[in-house]
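Let me begin by presenting the structure, written as structure tokens, before commenting on it.
The values are calculated or read from the model by the stated rules, or taken from the named source; none is laboratory data. Every value quoted in this text rests on a predicted model; they were computed, and no experiment measured them. Cβ coordinates were reconstructed from backbone atoms using ideal geometry, including for glycine residues, and neighbour counts include every protein chain displayed. Protein only, heavy atoms only, side chains kept; ligands, DNA and RNA dropped before computing areas. Shrake-Rupley method; radii C 1.70, N 1.55, O 1.52, S 1.80 Å.
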Amino acid sequence: MFITLEGIEGSGKTTQLENIVEFMNDRHYEYVVTREPGGTAIGKEIRAILLSPDTKNLNSLTELLLYAADRAQHVKEVIIPTLDSGKTVICDRFFDATTAYQGFARGLDMKQIKILHEIILGSLKPDITLLFDLPPETGLKRAWTQINNGGRSENETRFEKEMISFHEKVRKGYLKIADTEHERFHVIDASKNVDQVKKAIIDILSDKMP
Ligand code: TMP
């Protein structure tokens with residue numbers, strides 16, 4: 001089983017990852033938790049370039065290709081071997097993030113993005129994608145509170161510094177993708193409190209996990 005988590009900045013997906021892990025442990029599932037970018041040693045170096053606020057003048061195409069490079073390594077080194085071993089993969093962001101951020105928000109050519117996905121993924125696709133949806137104003141407020149409290153790294157704020165209109169495009173992009181794949185996507189109202197969001201996730205996983 002391959003589970004991915006998606007959402008804009010401050011959507012709470014990383015917090016809810018702990019609840020998913022608790023669910024997996026309670027049910028004695030074997031799993032690996034990973035993320036993009038940065039799910040491998042090489043990916044961690046790529047992540048530092050992509051998320052650092054000191055990275056200036058990064059061309060949108062270069063940004064796309066760096067996410068693609070991170071994913072190519074991650075798929076080969078972590079995701080496929082883990083799935084082949086029979087374990088579940090839980091991944092904090094995956095290819096839908098590229099469609100939402102580099103496609104819908106940056107405005108790069110969707111056909112080229114699709115070709116890159118085909119090259120990197122082949123037939124690999126998540127079984128379940130949890131989309132944490134909330135207004136960007138709420139998400140960014142949460143994200144900046146965490147950054148200012150030291151709960152999130154200041155060295156990874158390049159996207160948080162984007163205009164609200166950028167995050168609005170990401171949100172709408174994610175919702176459009178979700179609308180084309182009702183079976184795989186589960187849109188969760190992430191503006192609700194932590195316990196309500198947790199319950200929504202557990203209901204979905206209880207229903208979908210074998
Ligand atoms: P996060 O680890 O805090 O979620 O940060 C990852 C950032 O990278 C987030 O702002 C979304 C962005 N991103 C893309 O723009 N494209 C991608 O393909 C992925 C995986 C992430």
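Please indicate, with yes or no, whether at least one residue in region 82-102 is of a type in the set (S, T, N, Q) and over 19 Å from Ile3 (Cβ atoms). Talk me through it step by step, then tell me what you get.
Quick first cut of region 82-102, residues of a type in the set (S, T, N, Q) only: 82, 85, 88, 98-99, 102.
Filter once more, keeping what is over 19 Å from Ile3 (Cβ atoms): 102.
Among the residues of region 82-102, at least one is of a type in the set (S, T, N, Q) and over 19 Å from Ile3 (Cβ atoms), which makes the answer yes.
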Point to revise | Hits in region 8-47 (condition: in a helix (DSSP H, G or I), of a type in the set (Gly, Ala, Ser) and open to solvent by less than 60 Å² (accessible area, probe 1.4 Å)) | key: Gly43
Review point. Between residues in region 122-140 that are touching a residue at least 24 places away in the same chain (Cβ under 8 Å) and residues that are open to solvent by 60 Å² or more (accessible area, probe 1.4 Å) and among the basic types (Lys, Arg), which pairs lie under 8 Å by C-beta distance while being six or more apart or on different chains?
Key: Asp127/Lys208; Ile128/Lys208
Exercise for review: Write out, first by first residue and then by second, each pair whose Cβ atoms fall under 7 Å of each other, whose residues are 6+ apart or on separate chains, and whose first residue, in region 9-33, is closer than 30 Å to Ser165 by Cα and among the hydroxyl-bearing types (Ser, Thr, Tyr) while the second is open to solvent by less than 20 Å² (accessible area, probe 1.4 Å) and modelled with pLDDT of 95 or more.
Suggested key: Ser11/Phe132; Ser11/Leu134; Ser11/Gly139; Ser11/Ala190; Thr14/Asp92
Practice item. Look through region 168-210, keep the residues that are within 30 Å of Gly86 (Cβ to Cβ) and of a type in the set (Gly, Ala, Ser), and return whichever of them is surrounded by the fewest Cβ atoms within 10 Å (Cβ to Cβ). Key: Ser206
**Study point:** Which listed residue, of Ser191, Ser165, is more than 12 Å from the ligand (Cβ to nearest atom) and in a loop (DSSP other than H, G, I, E, B)
**Key:** Ser191
Review point. Given (1) more than 15 Å from Thr138 (Cα to Cα); (2) touching a residue at least 24 places away in the same chain (Cβ under 8 Å); (3) not in a loop (DSSP other than H, G, I, E, B), where does Asp179 come up short, assuming only one miss?
Key: (2)
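Conditions (1) closer than 27 Å to Lys169 by Cβ; (2) more than 10 Å from the ligand (Cβ to nearest atom), marked per residue:
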| residue | (1), (2) |
| --- | --- |
| Leu66 | yes, no |
| Gln73 | no, yes |
| Gly86 | no, yes |
| Cys91 | yes, no |
| Asp96 | yes, no |
| Phe104 | yes, yes |
| Leu108 | yes, yes |
| Thr129 | yes, yes |
Study note, to complete from the structure: So the helices (runs of 4 or more DSSP H) completely within region 54-148 holding 3 or more residues that are open to solvent by 70 Å² or more (accessible area, probe 1.4 Å) are 110-121, 136-148
**Study point:** All positions within region 20-39 that are within 13 Å of the ligand (Cβ to nearest atom) and of a type outside the set (A, V, I, L, M, F, W, C)
**Key:** Thr34, Arg35, Glu36, Pro37, Gly38, Gly39
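Residues of region 188-210 being β-branched (Val, Ile, Thr) and closer than 19 Å to Met1 by Cβ, which ones?
Ile188, Ile201, Ile202, Ile204 - these are the residues of region 188-210 that are β-branched (Val, Ile, Thr) and closer than 19 Å to Met1 by Cβ.
Kindly indicate whether Ile119 is in contact with a helix residue (DSSP H, G or I) (Cβ under 9 Å, 6 or more places away or on another chain) and away from the ligand (no atom under 13 Å from the Cβ).
Spelling it out, Ile119 is indeed in contact with a helix residue (DSSP H, G or I) (Cβ under 9 Å, 6 or more places away or on another chain) and away from the ligand (no atom under 13 Å from the Cβ).
Each row is one residue, and each column tells you yes or no for (1) in contact (Cβ under 8 Å) with a residue 60 or more places away in the chain; (2) small (Gly, Ala, Ser); (3) closer than 17 Å to Lys125 by Cα.
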{"position": "Gly38", "(1), (2), (3)": "no, yes, no"}
{"position": "Ile46", "(1), (2), (3)": "no, no, no"}
{"position": "Leu50", "(1), (2), (3)": "yes, no, no"}
{"position": "His74", "(1), (2), (3)": "no, no, yes"}
